[in-house]
1. In the stretch 63-97, what residues are modelled with pLDDT of 80 or more and open to solvent by less than 30 Å² (accessible area, probe 1.4 Å)?
2. Looking at (1) exposed (fewer than 11 other Cβ atoms within 10 Å of the Cβ); (2) at pLDDT 80 or above; (3) touching a helix residue (DSSP H, G or I) at 6+ places or on another chain (Cβ under 8 Å), which is the only condition Glu116 fails?
3. Determine, yes or no, whether Ala40 is open to solvent by less than 90 Å² (accessible area, probe 1.4 Å), of a type outside the set (Lys, Arg) and at pLDDT 80 or above.
4. Looking at the stretch 166-186, which of its residues are surrounded by fewer than 16 Cβ atoms within 10 Å (Cβ to Cβ) and assigned to a helix (DSSP H, G or I)?
5. Within the stretch 33-47, is even one residue part of a loop (DSSP other than H, G, I, E, B) and either farther than 25 Å from Ala109 by Cβ or hydroxyl-bearing (Ser, Thr, Tyr) (or both)?
6. Are any residues in the stretch 338-353 farther than 17 Å from Ala212 by Cα and in contact (Cβ under 8 Å) with a residue 40 or more places away in the chain, and if so, which ones?
7. Determine the pairs where a residue that is open to solvent by 40 Å² or more (accessible area, probe 1.4 Å), located within the stretch 98-111, has a partner that is hydroxyl-bearing (Ser, Thr, Tyr) and part of a helix (DSSP H, G or I) with Cβ atoms under 8 Å apart, the partner being 6 or more residues away or on another chain.
8. With the requirement that a residue be within 15 Å of Thr19 (Cβ to Cβ) and hydrophobic (A, V, I, L, M, F, W, C), what does the stretch 57-80 give you?
Amino acid sequence: MSRSRVGLWAVWLAVYAVTTALLYVASGLPDIRVAHAVLAYLVLVIMASRQGGRALSMTMVGLSYLAVKWFYVPPRFTLRAATPLDGVLLAGFVITGWMLSELFAKQRAATRLAEERTREVERLSAERLQLEREASTARVMREADRLKNALLSSLAHDLRSPVSTLSLLSDPAAGFTADVALPRVHEEAQRLGEYIATLQRFAAEGGGSMLALDTHDATGLVHTALRSSAAVLAGRRVDVVTRQAGIVARCDLTLTMQVLGNLLQNAVRYAPDHAPIDVTVSATLSTVELTVADRGPGVGEQELDRLFVPLQSRPSVAAGDAGASGGRMGMGLAIARTFARAQRGDVVYRPRAGGGAEFIMQLPRAPMG
């Protein structure tokens, strides 16, 4: 028997001794009956059964019977049975003690089982939480890697735009004066610097932030994109309409320029040469919308599901152009949506009233004030 069990038995034997002594003193009182002693010992048996096991419970039953028989059942101070009720008394004590010990034994077993199950549930919950964290981290890493690859691919391609503009500005045959050419050269050189910085930021292992979010005037974003796409838009008319003044977006400048550049290239590719490209700046309470609209062939219903899938071309384009531009067009829209969603925005399509297509870049609107 362990030391703790020995101590438990010692405590309850001492409690029994104290109870018996008190009942012996009280046995001489005229109002004390056998029932009082039986009730007191039953309480003792219940408490012992709750803390101890069957052995302690049955021991308390036997000792309690002896005490009641000795002090309260006539003839007193003898264990000789005077009536058949003595046997009933003993049987009552035994049955009560056994039932109580069984009840508390089952309760302790149920408690232990519940504790074990609780620990198991906590362990499984912790494991599940860890797995969910690992899965979430893996998803974030995959998304970051996809965004990085898309940006590097797009930037590598679109570096040709400022280079083409610089080449055009520096060509004497183009007829640009120094007053016109030099500010544009400076602007395109800055743009190239931004491209290179972005390439370094996204290519660095563990360095830098994936997004450089800041507040930007929405109309200013459009005009910057138009200047950056000057070579692509050469000879094309672009009308810019701002629905309301003071619209400010929260976005990554480089990614936003990539999205607008891709949408403008898409409009140039599919719009008729004589039709203007319309760019509209509008906003809701929480979203800035930059809409690039053209009067091209639009998108058929059967093509909508593939519109933003990489390497999907719009079949509406003439067959002679599809081979030259279909892949880039498909990558352009897929990349545009990827970059917009990376900024908690989106790129969506809707048919234009009167014919053509509208591609809307949605960005979070910066809080006013």
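The values are calculated or read from the model by the stated rules, or taken from the named source; none is laboratory data. Model, not experiment: these values are computed from the prediction. Note: ideal-geometry Cβ built from the backbone for every residue, glycine included; neighbour counts use all protein chains shown. For the accessible areas, the whole protein counts, side chains as well, though only heavy atoms, and no ligand, DNA or RNA atoms are used. Shrake-Rupley method; radii C 1.70, N 1.55, O 1.52, S 1.80 Å.
1. Ser64, Ala67, Val68
2. In the conditions (1) exposed (fewer than 11 other Cβ atoms within 10 Å of the Cβ); (2) at pLDDT 80 or above; (3) touching a helix residue (DSSP H, G or I) at 6+ places or on another chain (Cβ under 8 Å), Glu116 misses (3) alone.
3. Yes: the conditions hold for Ala40.
4. Listed by number, the residues that qualify are Ser167, Ser170, Pro172, Ala173, Ala174, Ala178, Asp179, Val180, Leu182, Pro183, His186.
5. Taking the stretch 33-47 first, the residues part of a loop (DSSP other than H, G, I, E, B) are 33.
After this cut, where a residue has to be either farther than 25 Å from Ala109 by Cβ or hydroxyl-bearing (Ser, Thr, Tyr) (or both) as well, the list is 33.
Checked against the condition, which is being part of a loop (DSSP other than H, G, I, E, B) and either farther than 25 Å from Ala109 by Cβ or hydroxyl-bearing (Ser, Thr, Tyr) (or both), the stretch 33-47 yields at least one hit.
6. Val347, Tyr349, Pro351, Arg352, listed by residue number.
7. Trp98/Ser57; Leu103/Ser49
8. Met60, Val61, Leu63, Leu66, Ala67, Val68, Trp70, Phe71 - these are the residues of the stretch 57-80 that are within 15 Å of Thr19 (Cβ to Cβ) and hydrophobic (A, V, I, L, M, F, W, C).
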